[in-house]
Amino acid sequence: MEEAKGLVRHLILVKFKDGTPPAQIEQIIKNFANLVNLIEPLKSWHMGRDVSIENLHQGFTHVLETTFESIEGIAQYLPHLAHVEFSKQFVPQLEKVLVVNFKPTIVHKQNRIVLYSADVMLI
């Protein structure tokens, strides 16, 4: 295992307020995705809806993940005018939110030898 050099992930779990129209949620998500084009330290953006079968989501419905080259990149992103303006649209529509910043650890898959009878397979 190794820590990804410099990369920092900004993970946001959200639950939109009941009654927020789906079209409004979709527009908010599109506007959030567009921040990657407006804010230099923001390197990538991913999102998804909860599809968990464990029922441990605690009400969170969407996961938004952004990637920065450094913690300093997040420090530049937070007060950026585009982020501040977006937040004015986003935050009032949330019932709850959880934000976590972390440096990802990378685990590389290793080749292993598996014996089947007299055959050797490399997986």
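Every number here is computed from the coordinates shown, using simple stated rules; none is lab data. As the structure is a prediction and not an experimental result, all values here were calculated from the model. Heads up, the Cβs are rebuilt from the backbone with ideal geometry, glycines too, and the neighbour counts pull from every protein chain shown.
What the table below lists for this structure:
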quantity	calculated
Expected 222 nm ellipticity per residue - DSSP helices of 4 or more, -39500 (n - 2.57), all of the chain, to 500	-8500 deg cm²/dmol
Highest to lowest packing among 30-36, 8-14, scored as the average C-beta count within 10 Å	8-14, 30-36
Relative contact order for the chain, counting Cα pairs under 8 Å that sit 6 or more residues apart, in percent	42 percent
At 0.692 mPa s and 37 °C, Stokes diffusion of the chain via Kirkwood alpha-carbon radius, µm² per second	195 µm²/s
Cα-Cα over 27 Å, subset of 5/109; 43/88; 17/43; 43/109; 30/96; 15/43	17/43
Hz values of 3J(HN,Hα) by residue in segment 80-90 - Karplus curve (6.51, -1.76, 1.60), Gly and Pro given as x	4, 3, 4, 5, 4, 5, 4, 4, 5, 8, 7
